1. So the check is Cβ under 6 Å with 6+ separation or different chains; which pairs have a first residue in the stretch 101-115 that's among the hydroxyl-bearing types (Ser, Thr, Tyr) and a second one that's open to solvent by less than 20 Å² (accessible area, probe 1.4 Å)?
2. Scan the stretch 9-23 and tell me whether some residue there is part of a loop (DSSP other than H, G, I, E, B), free of Cβ contacts under 8 Å to residues at least 24 places away in the same chain and over 13 Å from the mean Cα position of the chain (by Cα).
3. Looking at the stretch 46-162, what helices (runs of 4 or more DSSP H) fall wholly within it and have at least 2 residues that are touching a Cys at 6+ places or on another chain (Cβ under 8 Å)?
4. If a residue has to be under 24 Å from Ile3 (Cβ atoms) and either surrounded by 15 or more Cβ atoms within 10 Å (Cβ to Cβ) or modelled with pLDDT of 95 or more (or both) to count, how many in the stretch 95-134 make the cut?
5. If I go through the stretch 19-46 residue by residue, how many of them are over 17 Å from Leu122 (Cβ atoms) and either aromatic (Phe, Trp, Tyr) or surrounded by fewer than 20 Cβ atoms within 10 Å (Cβ to Cβ) (or both)?
6. I'd like to know if the stretch 81-93 contains one or more residues that are open to solvent by 50 Å² or more (accessible area, probe 1.4 Å), free of Cβ contacts under 8 Å to residues at least 60 places away in the same chain, within 15 Å of the chain's Cα centre (by Cα) and more than 12 Å from Asn6 (Cα to Cα).
7. When the residues of the stretch 52-80 are narrowed to those that are closer than 21 Å to Ala135 by Cα and of a type in the set (A, V, I, L, M, F, W, C), which ends up surrounded by the fewest Cβ atoms within 10 Å (Cβ to Cβ)?
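The values are calculated or read from the model by the stated rules, or taken from the named source; none is laboratory data. Note that this is a predicted model, so its numbers are computed, not measured. Here the Cβ positions follow ideal geometry from the backbone for every residue, glycine too, while neighbour counts run over all protein chains shown. We work out accessible area using only protein heavy atoms, side chains counted, and drop any ligands, DNA or RNA first. Shrake-Rupley method; radii C 1.70, N 1.55, O 1.52, S 1.80 Å.
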Amino acid sequence: MEIIYNICFITRTRSTEDEVLMLFRKKEPNRHKWNGIGGKIEQGETILESMEREILEETGLRVKRLTFRGLVTWNQTGGMYVYRAEDTGGRLSTCDEGKLAWKPYQWVMEADEVVSNIKYYLSDILLDDPPQEFACIYENDQLISVKKKHLPHVARKLTLNH
């Protein structure tokens, strides 16, 4: 299985409400859906370098506590590295990929406009539990199931804390 993508969920707390930075995609895949920040790992980049680049390119933000939280895979054919990070209070830039917005955590978990598999793993990746794999099975572009699996101890080399 080839994993060539990454995604990050950047969080902040405003007036006691947790918020997640989301991107309303104007391109495929997941066009016209809200998603986390991320993209394709470029040749010669480490996974961390790629995640930092994607965050800066898409948001203009420098984040803190960028932490590897697991893998999301689909039909055992591909997947993405999943990270979480915290906002440092910078100003969002415009994004070629779509519109950026801070969304309440509960909205992200319930809204139909969010990529369908996110509600099955977001709460887990925001915790400090060991990283996991979230194995998604799709049939005819419909999510059929998501199974959680433990990952070997790979998190240390995939985490950047600053």
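1. That search, which allows pairs on different chains as well, returns Tyr105/Val20.
2. Filtering the stretch 9-23 down to residues part of a loop (DSSP other than H, G, I, E, B) leaves 15-16.
Checking the rest, the ones that are also free of Cβ contacts under 8 Å to residues at least 24 places away in the same chain come to 15-16.
Of the ones still in play, those that are also over 13 Å from the mean Cα position of the chain (by Cα) are 15-16.
Checked the stretch 9-23: at least one residue is part of a loop (DSSP other than H, G, I, E, B), free of Cβ contacts under 8 Å to residues at least 24 places away in the same chain and over 13 Å from the mean Cα position of the chain (by Cα).
3. Ranges flagged: 47-59.
4. Number satisfying all stated conditions: 21.
5. So in the stretch 19-46, the residues over 17 Å from Leu122 (Cβ atoms) come out as 26-29, 31-32, 39-46.
Retained after the next criterion (residues that are either aromatic (Phe, Trp, Tyr) or surrounded by fewer than 20 Cβ atoms within 10 Å (Cβ to Cβ) (or both)): 26-29, 31-32, 39-40, 42-46.
Number of matching residues: 13.
6. The answer is no; no qualifying residue exists.
7. Taking the stretch 52-80 as the starting set, the residues that turn out to be closer than 21 Å to Ala135 by Cα are 67-80.
Checking which are of a type in the set (A, V, I, L, M, F, W, C) leaves us with 68, 71-72, 74, 80.
Numbers: Phe68: 24, Leu71: 21, Val72: 25, Trp74: 17, Met80: 21.
Among those that are closer than 21 Å to Ala135 by Cα and of a type in the set (A, V, I, L, M, F, W, C), it is Trp74.
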